[in-house]
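First comes the structure, then the notes that go with it.
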Amino acid sequence: MASVAINSIDFEEEVKKARECYMYGDYGRSTTFYKLAIDKLRRYCQTLSNVAEKKHGNECIVELERELKSTVEHERMIEEIHENLFKKYTSGGGGRAAGGDINNDLNYGSPFYNAAVDERPTRDPGFNNRNPAQGVAPFQPASARPQGGARDIRSANHNQRGRNPPSNAPHNKQKQSDNKRGSNQADNAEKRYIPTPAEKDLVEGLERDIVQKDPNVRWVDVAGCTGAKKLLQEAVVLPRYIPDFFKGIRRPWKGILLFGPPGTGKTMLAKAVATECKTTFFNVAAANLTSKYHGEGEKLVHLLFELAKFYAPSTVFIDEIDSLCSTRGQSNEHEASRRAKSELLIQMDGVSGALGNEDPSKMIMVLGATNHPWDLDDAMRRRLEKRIYIPLPDAATRKQLLEINLKEVSLEKDVDLDIIANKLNGYSGSDITSVCRDAAMMQMRRATENLSMTQIQEQAQVLKEKLQSPTIMKDFEDAISKISSSVSKEMLEKYDQWMKDFGSV
Ligand SMILES: Nc1ncnc2c1ncn2[C@@H]1O[C@H](COP(=O)(O)OP(=O)(O)OP(=O)(O)O)[C@@H](O)[C@H]1O
Ligand SMILES: [Mg+2]
């Protein structure tokens with residue numbers, strides 16, 4: 001292989017990893033690293049003015065592309081071998097029945113060995129009842145098998161043998177097509193990722209803290225943000241229903257950034273995606289991924305995407321993404337967080353469907369939210385292809401917010417929500433929530449104004465009746481006078497400017 005020796009940029013690390021992964025047969029990751037290295041080198045070459053250096057750079061690119069091509073070919077070839085083996089040992093509808101003695105043929109330590117062995121008739125309780133039209137079930141990797149029963153023990157053993165296939169290894173590819181064929185949410189609910197002993201703690205931690213089942217926020221609970229809602233639906237929901245359309249150039253968006261002032265509903269929108277879109281939702285606080293233990297953060301990011309691939313279609317929501325992906329290379333940046341960040345970038349490339357031919361209904365979308373978009377790393381910004389501004393609410397949205405917040409509060413007839421909405425110009429969604437909460441508390445404050453705690457206790461019953469009285473317009477006026485907008489004009493100008501420079505809707 002060529003010696004790639006161009007200084008000043010750090011693509012060599014990627015080349016090294018690409019070759020390492022290749023050596024270990026992890027062609028999927030190897031491909032990702034090669035692409036990353038070529039991309040970096042190409043950009044670097046564009047900045048060169050020295051003809052000789054440029055020529056050398058271009059030669060390196062050609063060499064790396066050659067290596068990339070052979071990696072892709074190897075991967076394809078192994079996939080083919082795998083499919084042929086699979087067909088051979090499953091033809092006739094009964095696992096290894098047709099093609100001879102699988103143990104003799106395949107017992108040479110290949111990852112396919114277990115794959116094929118595991119495709120025995122006992123593998124799936126419903127296997128023998130399968131409608132022939134459905135064809136023979138593909139083998140299911142250890143991690144894809146439901147827990148419980150005999151198969152579990154086999155799965156556990158399988159893992160304990162230390163067989164931890166690389167993420168894009170052929171049988172993991174098969175894992176994805178398993179999903180395709182098994183394709184529905186009920187299947188996902190049954191499936192359980194079974195980690196290797198080394199991964200166990202981290203995977204358990206991720207599943208406990210990060211996989212979010214149902215945050216119970218619906219689209220209608222989020223006021224305004226019509227454009228963002230539409231785009232999220234387009235990115236997450238539609239590819240599942242019309243996968244054929246979302247291919248090639250129309251591949252689904254791999255990354256979306258929601259940015260805007262604090263308290264405008266960015267996190268709520270992400271939660272609505274989780275509730276409404278029926279994808280597996282990984283709710284990641286950036287801090288969770290930057291472990292102080294060397295290498296742990298990197299491993300976590302890697303596992304996070306392994307899980308996301310396994311439970312696909314998935315949405316990986318990274319709140320406050322700027323704290324993880326702020327400009328790299330700053331002196332105060334911790335090595336561990338730098339590595340976690342790099343891994344995240346690599347993984348995002350891996351899920352991008354860069355060739356545009358992956359099954360869009362099995363995609364992984366990364367959804368980031370931030371109120372400091374200008375702090376984002378350039379590389380991350382590029383990967384978050386859609387950058388949507390979630391601004392302060394306009395008059396109509398403010399009224400909607402009032403209605404949402406006050407749906408359980410009884411209001412006096414004099415309360416005019418249009419007037420209140422006008423007065424709240426410049427307030428964020430969370431400011432408006434605070435105003436509503438404060439106004440709704442006013443009658444309680446009035447009723448208990450001159451009472452001691454003992455008197456309140458004694459008069460609890462009378463007070464309860466008094467507290468039934470509706471909230472009046474003056475309560476809102478008082479609340480507005482006490483609570484001011486939390487977002488400054490300068491801040492809004494900064495968002496507008498960033499939207500002009502980098503926004504993409
Ligand atoms: N568009 C909205 N619709 C309904 N409620 C909203 C909306 N925007 C803000 N809120 C209210 O404000 C609270 C905070 O919203 P959220 O956490 O989504 O803001 P955020 O944009 O993520 O803020 P931050 O940037 O500080 O994380 C919500 O719990 C909700 O009560
Ligand atoms: Mg938030």
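Out of all the residues in segment 424-440, is one or more touching a Lys or Arg at 6+ places or on another chain (Cβ under 8 Å) and under 20 Å from Glu465 (Cα atoms)?
Kept after step one, since they are touching a Lys or Arg at 6+ places or on another chain (Cβ under 8 Å), are these residues of segment 424-440: 424-425, 427, 432, 438.
Cutting the leftovers down to under 20 Å from Glu465 (Cα atoms) gives us 438.
Checked against the condition, which is being touching a Lys or Arg at 6+ places or on another chain (Cβ under 8 Å) and under 20 Å from Glu465 (Cα atoms), segment 424-440 yields at least one hit.
Run down Ser504, Ser486, Ser469 and say which single residue is open to solvent by 60 Å² or more (accessible area, probe 1.4 Å) and of a type in the set (Ser, Thr, Tyr).
On the way: Ser504 fails: open to solvent by 60 Å² or more (accessible area, probe 1.4 Å); Ser469 fails: open to solvent by 60 Å² or more (accessible area, probe 1.4 Å).
Just one listed residue meets the conditions, Ser486.
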**OP:** Please go through segment 257-274 and pick out each residue that is in contact with a helix residue (DSSP H, G or I) (Cβ under 9 Å, 6 or more places away or on another chain) and more than 6 Å from ligand 1 (Cβ to nearest atom).
**Re:** Leu257, Leu258, Phe259, Gly260, Pro261, Leu269, Ala270, Lys271, Ala272, Val273
Subject >> Checking Ile6 against (1) over 30 Å from the mean Cα position of the chain (by Cα); (2) at pLDDT below 85; (3) open to solvent by 40 Å² or more (accessible area, probe 1.4 Å), the condition it does not meet >> reply: (3)
Subject >> Flag for Lys271 being of a type in the set (Lys, Arg), within 13 Å of ligand 2 (Cβ to nearest atom) and either touching a residue at least 40 places away in the same chain (Cβ under 8 Å) or more than 25 Å from Met499 (Cβ to Cβ) (or both) >> reply: yes
**OP:** Can you tell me which residue within segment 224-251, out of those that are buried (at least 22 other Cβ atoms within 10 Å of the Cβ) and outside any helix (DSSP H, G or I), is farthest from ligand 1 (Cβ to nearest atom)?
**Re:** Phe246
**OP:** Within segment 281-292, count every residue that is buried (at least 20 other Cβ atoms within 10 Å of the Cβ) and within 14 Å of ligand 2 (Cβ to nearest atom).
**Re:** 3
Original post:
Failed condition for Pro313, given (1) at pLDDT 75 or above; (2) open to solvent by 20 Å² or more (accessible area, probe 1.4 Å), with all others met?
Top reply: (2)
Original post:
Would a scan of segment 371-378 turn up a residue that is at pLDDT 90 or above, surrounded by fewer than 13 Cβ atoms within 10 Å (Cβ to Cβ) and more than 18 Å from Thr264 (Cβ to Cβ)?
Top reply: no
**OP:** Identify all residues within segment 194-223 that are surrounded by 13 or more Cβ atoms within 10 Å (Cβ to Cβ) and in a loop (DSSP other than H, G, I, E, B); write none if there are none.
**Re:** Ile194, Pro195, Thr196, Glu199, Ile210, Pro215, Val217, Val222, Ala223
Subject >> Residue selected from segment 323-346 under the condition modelled with pLDDT of 75 or more and open to solvent by less than 20 Å² (accessible area, probe 1.4 Å), by the criterion farthest from ligand 2 (Cβ to nearest atom) >> reply: Ile346
**OP:** Could you list all residues from segment 252-280 that are farther than 23 Å from Thr397 by Cα and open to solvent by 60 Å² or more (accessible area, probe 1.4 Å)?
**Re:** Trp253, Lys278
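The values are calculated or read from the model by the stated rules, or taken from the named source; none is laboratory data. Since the structure is predicted, the reported quantities are computational estimates derived from the model, not experimental observations. Neighbour counts run over all protein chains shown; Cβ positions are idealised from the backbone, glycine included. These accessible areas exclude ligands, DNA and RNA; they are computed on the full protein's heavy atoms, side chains included. Shrake-Rupley method; radii C 1.70, N 1.55, O 1.52, S 1.80 Å.
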